[in-house]
1. Which number in (1) part of a loop (DSSP other than H, G, I, E, B); (2) surrounded by fewer than 14 Cβ atoms within 10 Å (Cβ to Cβ) marks the one condition that residue B:104 misses?
2. Hey, does the range A:101-109 have a residue that's surrounded by fewer than 19 Cβ atoms within 10 Å (Cβ to Cβ) and either without any contact (Cβ under 8 Å) to a residue 40 or more places away in the chain or more than 16 Å from the chain's Cα centre (by Cα) (or both)?
3. Given the options B:74, B:88, name the one that is more than 14 Å from chain A (Cβ to nearest Cβ), outside any helix (DSSP H, G or I) and open to solvent by less than 40 Å² (accessible area, probe 1.4 Å).
4. I'd like to verify a number: residues in the range B:43-71 that are within 14 Å of chain A (Cβ to nearest Cβ), aliphatic (A, V, I, L, M) and open to solvent by 20 Å² or more (accessible area, probe 1.4 Å), how many?
5. Given the criteria buried (at least 23 other Cβ atoms within 10 Å of the Cβ), over 18 Å from residue A:221 (Cβ atoms) and not polar (S, T, N, Q), does residue A:149 qualify?
6. Mind checking which residues of the range A:113-124 are open to solvent by 10 Å² or more (accessible area, probe 1.4 Å) and either at the interface with another protein chain (Cβ under 7 Å from one of its Cβ atoms) or not polar (S, T, N, Q) (or both)?
7. Please verify whether the range B:143-163 includes one or more residues that are open to solvent by 30 Å² or more (accessible area, probe 1.4 Å), of a type in the set (S, T, N, Q) and modelled with pLDDT of 90 or more.
8. Would you call residue A:176 hydroxyl-bearing (Ser, Thr, Tyr) and part of a helix (DSSP H, G or I)?
Amino acid sequence: MAEDQTLFTYLLRLADDHLILSQRLGELCGYGPTLEEDLALTNISLDLMGQARALYAYAGEVEGKGRNEDQLAFLRYERDYLNALITELPNGDFAQTIVRQFFVAAFMVPFWREMERSSDETLRAIAAKASKEVAYHLRHTSEWVIRLGDGTDESHARMEEALDALVMYTGELFETDEVTEAALRAGYAVDPKSLAHEWQQTVDSVLREATLTLPESGHMQTGGRNGLHTEHLGHVLSELQYMQRTYPGLNW
Amino acid sequence: MGDVADIKQQSGEGIRKAAWQAAAAVPDPEIPVVTVEDLGILRLVDLDAEGRVVAHVTPTYSGCPATQLIQEMVLEALQTAGFEDARVETVLSPAWTTDWISEAGRQKLKEYGIAPPEKTSNSKRALFGETLVQCPHCGAAETERVSEFGSTPCKALYRCLTCREPFDYFKCL
């Protein structure tokens, strides 16, 4: 794979993670359990959207075919999306929304911190901002994990169900393949395997305080990085891309 | 073209200064008491090789919906000031931090009822990840955080335990 193509794919995977998760959280706008939480989830969604925009804009530049952030976000087909599967899973109940966000934030905190040492200047700049923002996301979701896990019997049980349902999607975050390895050799990437220990520690310590335990993870589901998605992504994209597909070139 | 560039080059300093003044006065669309200069968002106003004005603007928060509007407002201010062929460029690096908010900007935020970002805190609570925020209304130090996320991505929602008023806190970044 040519060097530019590797960087493009690497950026696209990262951008898709952020866009799809942002879209999922955006679905909750107006439905949050309390006004403060409604604002919080939408704020996190906005942060992710901003990070996605910066990544898509840069990816478009690297690709050099004149595609901008909008075209990359709105005019690609399902199989061309390279996000990790966990980001496209439905919001479920509030426990599921929180656990999904917590798993991802616990990964993104060390990821962006390491990315601040990337050999790529633009990635460093995006990382410098993102790493401060995800620190808020992790703190916020950790507080909810503790409150719900160490809450009522009902909230505790629902958190356990959410952990059971989502744990099989966490392995994909730490996978490497020929794209990641080429990107690592080029010096701008972060080795996800090197973040596994810190992720595990963060998750364990928060879950301990929440009187929850991470279920044994047997089979780990994978495929997103190569465009093989769950049945949920198509539905996310139909909402996300509706306006642009119906009214091509539409601007706000 | 060469002649035009030469003329502009001669008074480059004057053009830069006038363009800076025009751009610097643009208010933040969400907090209109502070300008892009107060916030440190306007990084540089320079001339390119053709002598056109280029304003360098940096985004605050990745997801700030005002970023694009600010760029358009800066461009409009420059055009109104007579720099018709001006353009605005986004600079990502180094990343903006709340430390760049000027002293004047911090004072204006406070008077507007928004607690400015706390640079450092010598409170022991800071060790546990808590930020000690002063109430912008009555000045009391006893406040509590209601929500990490407030009316915009850059703000958190606080409440004063002395005067009981809720207020926004401009989060540190």
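The values are calculated or read from the model by the stated rules, or taken from the named source; none is laboratory data. Since this is a predicted model, take the numbers as computed values, not measurements. Virtual Cβ from ideal backbone geometry, glycine too; neighbours counted across all protein chains shown. For the accessible areas, the whole protein counts, side chains as well, though only heavy atoms, and no ligand, DNA or RNA atoms are used. Shrake-Rupley method; radii C 1.70, N 1.55, O 1.52, S 1.80 Å.
1. (1)
2. No, the range A:101-109 contains no residue that is surrounded by fewer than 19 Cβ atoms within 10 Å (Cβ to Cβ) and either without any contact (Cβ under 8 Å) to a residue 40 or more places away in the chain or more than 16 Å from the chain's Cα centre (by Cα) (or both).
3. Working: B:74 fails: outside any helix (DSSP H, G or I).
Result of the check over B:74, B:88: B:88.
4. Total meeting the criteria: 1.
5. Yes; evaluated as a whole, the condition is true for this residue.
6. Residues satisfying the conditions are A:113, A:114, A:116, A:117, A:120, A:121, A:122, A:124.
7. yes
8. Values: hydroxyl-bearing (Ser, Thr, Tyr): yes; part of a helix (DSSP H, G or I): no.
Taking the combined requirement at face value, the residue does not satisfy it.
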